[in-house]
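Here is the structure we will look at.
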Amino acid sequence: MADLMVPQEASEQRRITYREAVAEGIAREMRRDPAVVCLGEDIGEAGGVFKTTAGLFKEFGPGRVWDTPISEQAIVGAAMGAAMTGMRPVAEIMFSDFLACCWDYLANEIPKVRYMTGGQVTVPLVVRTANGGGLGFGAQHSQATENWAFTVPGLKIAAPSTPADVIGMMAAAIRSDDPVVFFEHKGLFASKGPPAPPDHVVELGQAAVVREGADITLVALASMVPLALTAAERLAREGIDAEVVDLRCLVPLDVGTVLASLEKTSRLTIVEENPYQGGWGATLVSVVADEGFGLLDAPVRRVAGECVPLPFADALEERVIPTVDKVVTAVRDLAAY
Amino acid sequence: MATTVTGEELLTLYGQMAVIRRTEKAAHDLFLSGLVKGTTHLAAGHEAIAVGASAALRDDDYVFATYRGHHHALARGATPEECLAELMSRATGLCKAKGGSMHLTKASAGMLGSYAIVGAHLPMAVGAAWSARLRGTDQLAVAFFGDGATNIGAFHEALNLAAVWRLPVLFVCENNLYMEYTAIADVTAVPRPAADRAPAYGIPGEVVDGNDVVLVQEAVQRLARRARAGDGPAVLEAETYRHYGHSRADPATYRPAEEVERWLKHDPLDLARGRLHVLGVPAEAVTAADERATEVVRAAVEAAKAAPAPDPAEALTEVWADGGAAWRT
Ligand SMILES: Cc1ncc(C[n+]2csc(CCOP(=O)(O)OP(=O)(O)O)c2C)c(N)n1
């Protein structure tokens, strides 16, 4: 999907892909900490169906990178047991849609065990998964499912949009003593960006202002960030100066950066790939209504997916998920309010 | 049958079973008198499985249990006082009153939790065994579960993964013939719900009299030895019966009277007493063990009753490893 491409730059040499960043981010932590181990389907010699674990098996061998059967419950359940007993497992669930197959672990087991044991047990694990649409995979391989996790207290949720953030947030996720669901966006795997410096760590819960602007705040996540940036460039040509905030994490949620941006712009549009109903944007809007109402000079808008399963054809998919056009239209209306 | 257990050792196991039996009775009574909220799933009748297995395990082994897990927590070293305090929602409870009856956990004793979603903990035990392998220890992981769990997908995923990775994990099924109110035989394709499935994963599936603490101990010892030696997982199906209903005040009227009678005559404590007699342990020593158990549980009930309620502020702690619960920065 053309909308998901990050703007191209002249020099390609010092840039890495988002997909390479995933493997690089994991490798850095595996080199640093022998307790980090990977498990998942096809992640070993095959390097993962998205090639996001390419090179790990060669460097670390079968004792650190474990191929599993197609057993999502066993993968995440075993990761939990290992995390409770001294390891830092990184489990891959191939497509985020398949989180439903091990949903018990995400909803009932992993996030609750610390709490319901009165703090006795720590679960330092990462569940990585390829999220979102844009590649024409149809309704069962294209969903943006971060909201499933967002409804469950006890999970941290990362969703980076650039290769450098993938590496920095992977470091933070793997080092976290809390469970992290790490959403890698399928539509971004081929995108490129500057490499991450050595020891790059992006603490979870820190949004980034990726474009400064004075007229309106656009808050986006993962693949919606490059889309919002493209929309912002178009809007700039019309004289509307949009600030773009890359939320980067849903839990912890960096409300402060959003409110600080609204102090400047007083207008808010949220861009979410997931369906409008139950989307994380609704929570953010409610926090802004609670705590930042006085900052607003206009209603807030959410540009989100339609409430339908993701259709297959490009033309149909574009109809139901946010596009640059939809964002531009929403912002234009709001700027004129 | 000849066994290796001495009279002294068996008396210790008997004493533990006696404490569990009385703790369950106390939990039942406290529930009926309104001092235990929610629900309880009592394990009276299952004592020999928890005590026999624990006697065969090392202190650094891992145990995972179900919502019917009081006996495992107690056998693994939780005190009746901290368990009953947990059930009675006291600040001194095993899980600071955040867990309740279905989640008794004593991590410091290798009792890594009681899980109320049927079958969910089997893959966790596989993960703990995997972790032992990764860390180069010869620790063992044991998952205790009911017969009903054998028809859950996680059971099959766990057995397969444990088998292909040859992990030191034991799957111990407490087959008490019933799920909640339905007989396992009515909804299961094979007669031995756990043991019959094990060969499909290339691992041994044994059946043991789960009411005989000595036989349970010996079976777990044997299977643990081979698992530690690198020969992989095993399934042990322990036949037993629950004395109370499934939960709370379920009178269990769905069970035929002669079946109940037959099983109550096959009581784990009676069986152990018979063995103690054969081993020449004097009756007074057994009576003394019973009296000690009665006193321990009586004191535990009193202490738990006297303990304070938790500070409501505790509700907002311990979601995260830093002790807090903040979802925003
Ligand atoms: C996944 C799931 N489905 C249903 C239940 C409700 N439930 C609680 S206990 C139980 C019966 C389980 O029977 P079994 O595994 O034989 O264990 P037992 O209670 O006999 O020890 C059921 C159906 C549950 N807790 N989890």
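Annotations for the structure displayed:
- Residues of the range B:297-329 that are facing chain A (nearest Cβ under 10 Å) and open to solvent by less than 80 Å² (accessible area, probe 1.4 Å): B:Pro310, B:Glu314, B:Ala315, B:Thr317, B:Glu318, B:Val319, B:Trp320, B:Ala321, B:Gly323, B:Ala325, B:Ala326, B:Arg328.
- Test: residue in the range B:85-104 that is under 16 Å from B:Ala234 (Cβ atoms), surrounded by 24 or more Cβ atoms within 10 Å (Cβ to Cβ) and within 14 Å of the ligand (Cβ to nearest atom): no
- Inspection of the range B:122-145 finds no residue satisfying the criterion of being within 16 Å of the chain's Cα centre (by Cα) and open to solvent by 30 Å² or more (accessible area, probe 1.4 Å).
- Count - residues of the range B:30-42 that are open to solvent by less than 40 Å² (accessible area, probe 1.4 Å), within 16 Å of the ligand (Cβ to nearest atom) and not hydroxyl-bearing (Ser, Thr, Tyr): 2
- Checked against (1) over 22 Å from B:Leu223 (Cβ atoms); (2) assigned to a loop (DSSP other than H, G, I, E, B), B:Met102 passes all but condition (2).
- When the range A:150-172 is filtered for residues that are touching a residue at least 60 places away in the same chain (Cβ under 8 Å), within 14 Å of A:Pro124 (Cα to Cα) and open to solvent by less than 10 Å² (accessible area, probe 1.4 Å), the ones remaining, listed by number, are A:Leu155, A:Ile157, A:Met170, A:Ala171.
- Selected residue (criterion: nearest to the other protein chains (Cβ to nearest Cβ)) from residues of the range B:105-119 that are within 16 Å of the ligand (Cβ to nearest atom) and surrounded by fewer than 24 Cβ atoms within 10 Å (Cβ to Cβ): B:Ile117
- Residues of the range B:180-192 that are near the ligand (Cβ under 9 Å from one of its atoms) and within 17 Å of B:Gly210 (Cα to Cα): B:Ile184 alone.
- Qualifying position, being modelled with pLDDT of 95 or more and crowded, with 24+ Cβ neighbours inside 10 Å, among A:Gly81, A:Gly133, A:Gly118, A:Gly86: A:Gly81
- Considering residues of the range A:189-208 that are among the hydrophobic types (A, V, I, L, M, F, W, C), more than 14 Å from chain B (Cβ to nearest Cβ) and in contact with a strand residue (DSSP E or B) (Cβ under 8 Å, 6 or more places away or on another chain) only, the residue farthest from A:Pro160 (Cα to Cα): A:Ala190
- Residues being outside any strand (DSSP E or B), more than 11 Å from B:Ile49 (Cα to Cα) and more than 12 Å from the ligand (Cβ to nearest atom) - total across the range B:193-217: 10
- Any hit, the range B:15-27, residues being crowded, with 23+ Cβ neighbours inside 10 Å and either assigned to a loop (DSSP other than H, G, I, E, B) or aromatic (Phe, Trp, Tyr) (or both): no
- Residue check for B:Ala109: within 21 Å of B:Gln139 (Cβ to Cβ) and out of contact with any helix residue (DSSP H, G or I) (no Cβ under 8 Å at 6 or more places or on another chain): yes
- Hey, B:Ala293 within 14 Å of chain A (Cβ to nearest Cβ) and either surrounded by 11 or more Cβ atoms within 10 Å (Cβ to Cβ) or not in a helix (DSSP H, G or I) (or both) or not: no
- Residue that is farthest from A:Ala190 (Cα to Cα), among those in the range A:121-130 that are open to solvent by less than 10 Å² (accessible area, probe 1.4 Å) and under 24 Å from the mean Cα position of the chain (by Cα): A:Val123
- Summed over the range B:30-77, residues that are under 16 Å from B:Thr12 (Cα atoms) and of a type in the set (A, V, I, L, M, F, W, C) total 10.
- Hits in the range B:60-84 (condition: surrounded by fewer than 24 Cβ atoms within 10 Å (Cβ to Cβ), assigned to a loop (DSSP other than H, G, I, E, B) and more than 14 Å from every other protein chain (Cβ to nearest Cβ)): B:Thr79
- Which numbered condition B:Phe31 misses (of (1) in a helix (DSSP H, G or I); (2) under 19 Å from the mean Cα position of the chain (by Cα)): (2)
- Candidate set: the range B:43-59, residues that are within 13 Å of the ligand (Cβ to nearest atom) and hydrophobic (A, V, I, L, M, F, W, C); chosen: the one farthest from the other protein chains (Cβ to nearest Cβ): B:Ala44
- Checking each residue in the range A:45-78 for being open to solvent by less than 10 Å² (accessible area, probe 1.4 Å) and over 22 Å from A:Tyr105 (Cβ atoms) picks out A:Gly47, A:Leu56.
- Screening B:Glu258 with (1) surrounded by 15 or more Cβ atoms within 10 Å (Cβ to Cβ); (2) modelled with pLDDT of 95 or more; (3) of a type outside the set (Gly, Ala, Ser) gives one miss only, at (1).
- Verdict on A:Ala149 being aliphatic (A, V, I, L, M), outside any loop (DSSP other than H, G, I, E, B), more than 10 Å from every other protein chain (Cβ to nearest Cβ) and under 13 Å from A:Cys249 (Cβ atoms): yes
- Qualifying positions in the range B:121-155 - outside any helix (DSSP H, G or I) and within 7 Å of the ligand (Cβ to nearest atom): B:Phe145, B:Gly146, B:Ile152
- Residues of the range B:157-171 classified as over 26 Å from B:Ser247 (Cβ atoms), in contact (Cβ under 8 Å) with a residue 40 or more places away in the chain and within 16 Å of the ligand (Cβ to nearest atom), total: 1
The values are calculated or read from the model by the stated rules, or taken from the named source; none is laboratory data. Please read all numbers here as calculations on a predicted model, not as lab measurements. With ideal geometry, Cβ positions are generated from the backbone for all residues, glycine too; neighbour counts draw on all protein chains shown. The accessibility values were calculated without ligands, DNA or RNA, using every heavy atom of the protein model including side chains. Shrake-Rupley method; radii C 1.70, N 1.55, O 1.52, S 1.80 Å.
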